[in-house]
Amino acid sequence: MPTFLSPPEANALVDAIAASLPSLYATVQLSDRQEAFAVEANAILDLVAPEHQLAVFERLESLVIRTDGFERPLAAND
């Protein structure tokens, strides 16, 4: 039986991705940011139990939406 991340563990990884966005902007070209994010996001989703994947996906998707597809940084209060 596979072992999955707990929801708090998955949320901590999503928070880590959000915190690392300044580094993403500094090191990854705009044209490659979505792909770089997708690699990390899919790795997290692969480790989450199916019944929790939608909630984690929605948190990840909100990062894409709030950054306009990684064209702008997250606002300081996001």
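Rule-based calculations on the coordinates, nothing more; no lab input. The shown structure was predicted, so the numbers you read here are calculated from the model rather than taken from an experiment. Using ideal geometry, Cβ is built from the backbone for each residue, glycine included, and neighbour counts are taken over all protein chains shown.
What to note about this one:
- Relative to the current alpha-carbon distance between A75 and A26, full extension at 0.36 nm per residue lengthens the span by 16.0 nm.
- A helix-only calculation puts the chain at -22000 deg cm²/dmol for mean residue ellipticity at 222 nm, using -39500 (n - 2.57) for each DSSP H run of at least four residues, averaged over all residues.
- The residues neighbouring L30, those whose beta-carbon lies less than 12 Å from its own, together hold a net charge of -2 under the Lys/Arg +1, Asp/Glu -1 convention.
- For region 47-59, 3J(HN,Hα) per residue [Karplus equation, 6.51 cos²θ - 1.76 cosθ + 1.60, θ = phi - 60°, Hz, x = Gly/Pro]: 9, 9, 4, x, 6, 10, 5, 4, 4, 5, 4, 4, 5
- Read-out Cα Rg over 2.2 N^0.38 Å, derived from the coordinates shown; its label in (i) 1.11; (ii) 1.43; (iii) 1.57: (i)
- FRET E, pair D46, D15, Förster distance 25 Å, beta-carbon r, rounded to 0.05: 0.85
- Computed from Cα positions, the angle between helix 30-46 and the longest principal axis of the chain comes to roughly 10 degrees.
- A DSSP coil position with no more than 11 other Cβ atoms inside 10 Å describes the following GluC sites (Glu not before Pro) in region 1-74: E71.
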